[in-house]
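K.L.:
Got a structure here, written out as structure tokens. Questions coming.
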Amino acid sequence: MASPQEAEAAPAPAPAASTPKPVELDGKQYEPVKEGLAYILKPVDTHDSAKPAPKPRGSGMEQQESVFYNPIQQFNRDLSVLAIKVFSEHFVAVARDQAAITRSRRSRKKNEKKRKREEENDGGNEREVPKKHEGEGQAVDADATAVLPASNTGTTMNTDNQTNGETRPVSFKILDALSATGLRALRYAKEVPAATRIVSNDLSATAIEAIKLNIKYNDVESIVRPNVGDARAYLYSLQGEEKKPHDEEKIGRFDVIDLDPYGTAAPFLDAAIQGLSNGGLLCVTCTDAGVFASTGYLEKAYSLYGGISVRLPHGHEVGLRLIINAIATTAATYGLSVEPLLSLSIDYYVRVFVRVYKSPAEVKFLSGNTMLVYNCDTGCGAWTTQYLSHTKLRPNKSGGSFYYYSLAQAPTSSPLCKHCGFKTHLGGPMWGGPLHNPHFINKILNLLPELDPETYQTLDRIEGMLMTALEEDLDLSDPFHSSEAAQKEKQAESSPLIPRLPPHQQEKYPFFVQLSSLSKVLHAQTIPLNSFRGALHGLGYRTTRSHTKPNSVRTDAPWDVIWEVMREWVRQKAPIKEGTLKPGTPGAGIMKKDRSKYEATNALSALRREISEALETGTDMIDLSTKVEAALYRKGSAALAPTAAPDSSASKKDEEEKPHPSTLNIVFDESLGRDFSTTAASSSRRVARYPMNPGENWGPMSRAFGH
């Protein structure tokens, strides 16, 4: 608690229901601004009697406002608070389990030594017992010290230490590396009950003064500590501190590190990963979407993230995968494995939550979870993925199994797109594993009904985005999802632990198609979402949404089926004028493969084959004439099937393969598309999946400069 002098210097925050009145501190006027349960003090300019008109964002004149509070990032901060709160519950549960195991191990050792002493006493060695007992006691202390090394998790040591029979709280440390006003650190202190120590760091001395003022005003001096300096230098300085865990002044590695820079977070990744505890959470924001989500600055994207983006509608998902791959490759050099818990593209930035483990064995899966993409970005928009290596499970001699790593065959695509004939370009390398952990998302969603909408004003958007991100997994969005899997998910939700996904798991169906882009290629009317999904569902394929863009569809249907659906849309529902698609355009290349041409080509091939056989087997002119007439008759008959072939072995092979797209029966059933449009979790009510921006020029403010 603050002292009486501090309480006088820092007035208590105003109630939430009333409008905060300006306060005076050290002769300066401040306006309290509330977000969540925290307040920050915004200086009030009392010299100007007339307040100038607000300047538009992007003009560079709104800098003073952005230094103190950026309301555009409220969604980011609300989501971060909830994510860290869920992770803290997992972290505390793991720490207590580890402490229980340690205490059990100690108790077992003590019982073994006690039993050994009793046996020696029964043998008549009474005089040697005290010495032996003393020596045994010293050995126990040594063992106890060995059991509890200076851990970089800050977990076992803090939970196992007891004072007067009471277990000390689990140490849970958070670093707000680029703090500005300290609002994130203040909210974590107020809204994350498990937090025991929070460091609010900034390079600017002016920002640190504001942080100190805000810490006093919010009465969180016992939890939040300001620090001025370069975030990288500060994180690197922590490497030697873990050797002195009993020193209260030393912090050691953090359990959560939040990176929220203006622009890219790439320069901070190495230091942040080294400053994170084993099993810790790394929260990263990148606002340079013009770099990681486009090909306008491909050389810059590669230098920052080690990969190149694509020029397609799913560029923001590629950006997410580039950033995660940059984190994964940086961590791998230290024998650390990463698991993305939540990865979101929001407005003009991305936000990822990544769990980091010390596991050199799991680092070996990284090449199998890294992929390249061949993109038809100048043509129809199709793509083909290429993983760098294969990971296979093989049995060993003892009856177990082990993972085997092999090279991948390349390339998986030709230089020209097989659908439209245009050039394909290379994207990546990028993360090829899952973007989300569904257990983590479900735990955040379970928190939402308990929260106050006045405190968390972006709850509706959080729910909509998390629900959409959860549905991106086609296995979870499948209405025929197995009951056994659903039961396991319910059991996982009842526990605070966040189960891990298999470290070798790949994303089966990355990226998505945007219906407006597909229709644009064919110069046709945009196909309705439910019509498109209904057509694919009728063919046995699955679909879901993407959180990154509206009117988007993730599916397990191959590209030749997708384009056949679009060709049938043009033929059945939205015909285009003749001559609309000029020769040499992607749309013309797509329409060359419509089913009328396929049927004609297939029938002509059968006719040529039969005439060729007649020429080879005909004994005389009469026999030859009879066979040719029979072939011509069969060509005009409706009984001629596309799969008919004289070679029985070839016919059997065709039956085993998938049918040609032009033979599919495509029905645009909107009701079927609606029935499959949501999971059971979200079908009961509507959610705000793609809300409109709440204001004009919604985007990043000008960079703030400290002194």
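K.L.:
May I ask you to verify whether residue 231 is surrounded by 24 or more Cβ atoms within 10 Å (Cβ to Cβ), touching a residue at least 24 places away in the same chain (Cβ under 8 Å), in contact with a helix residue (DSSP H, G or I) (Cβ under 9 Å, 6 or more places away or on another chain) and not hydroxyl-bearing (Ser, Thr, Tyr)? Spell out the reasoning first.
P.N.:
Details: surrounded by 24 or more Cβ atoms within 10 Å (Cβ to Cβ): yes; touching a residue at least 24 places away in the same chain (Cβ under 8 Å): yes; in contact with a helix residue (DSSP H, G or I) (Cβ under 9 Å, 6 or more places away or on another chain): yes; not hydroxyl-bearing (Ser, Thr, Tyr): yes.
It is true that residue 231 is surrounded by 24 or more Cβ atoms within 10 Å (Cβ to Cβ), touching a residue at least 24 places away in the same chain (Cβ under 8 Å), in contact with a helix residue (DSSP H, G or I) (Cβ under 9 Å, 6 or more places away or on another chain) and not hydroxyl-bearing (Ser, Thr, Tyr).
K.L.:
Among the residues of region 72-89, is any modelled with pLDDT under 75 and among the polar types (S, T, N, Q)? Steps first, please.
P.N.:
From region 72-89, those modelled with pLDDT under 75 are none; that's our starting set.
No: region 72-89 contains no residue that is modelled with pLDDT under 75 and among the polar types (S, T, N, Q).
K.L.:
Here is a further query. In region 432-457, how many residues are under 19 Å from residue 188 (Cβ atoms) and surrounded by fewer than 19 Cβ atoms within 10 Å (Cβ to Cβ)?
P.N.:
Taking region 432-457 first, the residues under 19 Å from residue 188 (Cβ atoms) are 440, 443-444, 447-448, 450-452, 455-457.
Now narrow it down to the ones that are surrounded by fewer than 19 Cβ atoms within 10 Å (Cβ to Cβ): 447-448, 450-452, 455, 457.
Residues flagged as under 19 Å from residue 188 (Cβ atoms) and surrounded by fewer than 19 Cβ atoms within 10 Å (Cβ to Cβ) within region 432-457 amount to 7.
K.L.:
Answer yes or no: is there a residue in region 205-222 that is at pLDDT 95 or above, in contact with a helix residue (DSSP H, G or I) (Cβ under 9 Å, 6 or more places away or on another chain) and on the phi > 0 side of the Ramachandran plot.
P.N.:
yes
K.L.:
From the list 311, 321, exactly one residue is in contact (Cβ under 8 Å) with a residue 12 or more places away in the chain and not in a helix (DSSP H, G or I). Which is it? Break it down stepwise before answering.
P.N.:
Numbers: 321 fails: not in a helix (DSSP H, G or I).
One residue alone meets the criteria, 311.
K.L.:
Considering only residues that are at pLDDT 65 or above and assigned to a helix (DSSP H, G or I), which ones fall in region 650-684? Spell out the reasoning first.
P.N.:
Initial filter on region 650-684 (at pLDDT 65 or above): 658-676.
Result: 661, 662, 663, 670, 671, 672, 673, 674, 675.
K.L.:
Across region 436-459, what is the number of residues that are farther than 28 Å from residue 502 by Cα and either in contact with a Cys (Cβ under 6 Å, 6 or more places away or on another chain) or assigned to a loop (DSSP other than H, G, I, E, B) (or both)?
P.N.:
The qualifying residues number 8.
K.L.:
OK, next. Within 28 Å of the chain's Cα centre (by Cα), crowded, with 19+ Cβ neighbours inside 10 Å and part of a loop (DSSP other than H, G, I, E, B): is that true of residue 557 in this structure? I'd like the intermediate steps shown before the answer.
P.N.:
Details: within 28 Å of the chain's Cα centre (by Cα): yes; crowded, with 19+ Cβ neighbours inside 10 Å: yes; part of a loop (DSSP other than H, G, I, E, B): yes.
So residue 557 passes the test.
K.L.:
Considering (1) modelled with pLDDT of 95 or more; (2) buried (at least 24 other Cβ atoms within 10 Å of the Cβ); (3) touching a Gly at 6+ places or on another chain (Cβ under 8 Å), say which one residue 358 fails and leave the rest.
P.N.:
(2)
K.L.:
A further question follows. Does any residue of region 329-343 turn out to be assigned to a helix (DSSP H, G or I) and out of contact with any helix residue (DSSP H, G or I) (no Cβ under 6 Å at 6 or more places or on another chain)? Lay out the reasoning, then the answer.
P.N.:
Taking region 329-343 as the starting set, the residues that turn out to be assigned to a helix (DSSP H, G or I) are 329-332.
In the following step, the residues that additionally are out of contact with any helix residue (DSSP H, G or I) (no Cβ under 6 Å at 6 or more places or on another chain) were identified as 329.
The answer is yes, given that some residue of region 329-343 is assigned to a helix (DSSP H, G or I) and out of contact with any helix residue (DSSP H, G or I) (no Cβ under 6 Å at 6 or more places or on another chain).
K.L.:
Okay, moving on. Does residue 346 count as in contact (Cβ under 8 Å) with a residue 24 or more places away in the chain and crowded, with 24+ Cβ neighbours inside 10 Å? Before the answer, list the steps.
P.N.:
Working: in contact (Cβ under 8 Å) with a residue 24 or more places away in the chain: yes; crowded, with 24+ Cβ neighbours inside 10 Å: no.
No; evaluated as a whole, the condition is false for this residue.
K.L.:
When you scan region 285-308, how many residues do you find that are without any contact (Cβ under 8 Å) to a residue 60 or more places away in the chain, of a type in the set (A, V, I, L, M) and either surrounded by fewer than 19 Cβ atoms within 10 Å (Cβ to Cβ) or farther than 20 Å from residue 515 by Cα (or both)?
P.N.:
Counting residues in region 285-308 that are without any contact (Cβ under 8 Å) to a residue 60 or more places away in the chain, of a type in the set (A, V, I, L, M) and either surrounded by fewer than 19 Cβ atoms within 10 Å (Cβ to Cβ) or farther than 20 Å from residue 515 by Cα (or both) gives 4.
K.L.:
Could you say whether any residue in region 360-369 is assigned to a strand (DSSP E or B), in contact with a strand residue (DSSP E or B) (Cβ under 6 Å, 6 or more places away or on another chain) and either more than 15 Å from residue 430 (Cβ to Cβ) or touching a residue at least 60 places away in the same chain (Cβ under 8 Å) (or both)?
P.N.:
no
K.L.:
Shifting gears a bit: Taking interchain pairs and intrachain pairs at least six residues apart, which have beta carbon atoms under 7 angstrom, with the first residue in region 384-409 and assigned to a strand (DSSP E or B) and the second small (Gly, Ala, Ser) and loosely packed, with under 12 Cβ neighbours inside 10 Å?
P.N.:
Pairs found: 386/410; 389/406; 390/406; 392/406; 393/401; 394/401; 395/401.
K.L.:
Restricting to region 395-435, name every residue that is among the hydroxyl-bearing types (Ser, Thr, Tyr), closer than 25 Å to residue 500 by Cβ and touching a Leu at 6+ places or on another chain (Cβ under 8 Å).
P.N.:
Passing the criteria: 401, 403, 404.
K.L.:
Name the residue that is farthest from residue 251 (Cα to Cα), counting only residues in region 203-222 that are crowded, with 20+ Cβ neighbours inside 10 Å and touching a strand residue (DSSP E or B) at 6+ places or on another chain (Cβ under 7 Å).
P.N.:
By that ranking, first place goes to 217.
K.L.:
Please indicate, with yes or no, whether at least one residue in region 411-431 is out of contact with any Lys or Arg (no Cβ under 8 Å at 6 or more places or on another chain), among the small types (Gly, Ala, Ser), assigned to a loop (DSSP other than H, G, I, E, B) and touching a residue at least 12 places away in the same chain (Cβ under 8 Å).
P.N.:
Looking through region 411-431, at least one residue is out of contact with any Lys or Arg (no Cβ under 8 Å at 6 or more places or on another chain), among the small types (Gly, Ala, Ser), assigned to a loop (DSSP other than H, G, I, E, B) and touching a residue at least 12 places away in the same chain (Cβ under 8 Å).
The values are calculated or read from the model by the stated rules, or taken from the named source; none is laboratory data. Just so you know, these numbers come straight off a predicted model, no measurement behind them. Every residue, glycine among them, receives a Cβ derived from its backbone with ideal geometry; neighbour counts consider all protein chains shown.
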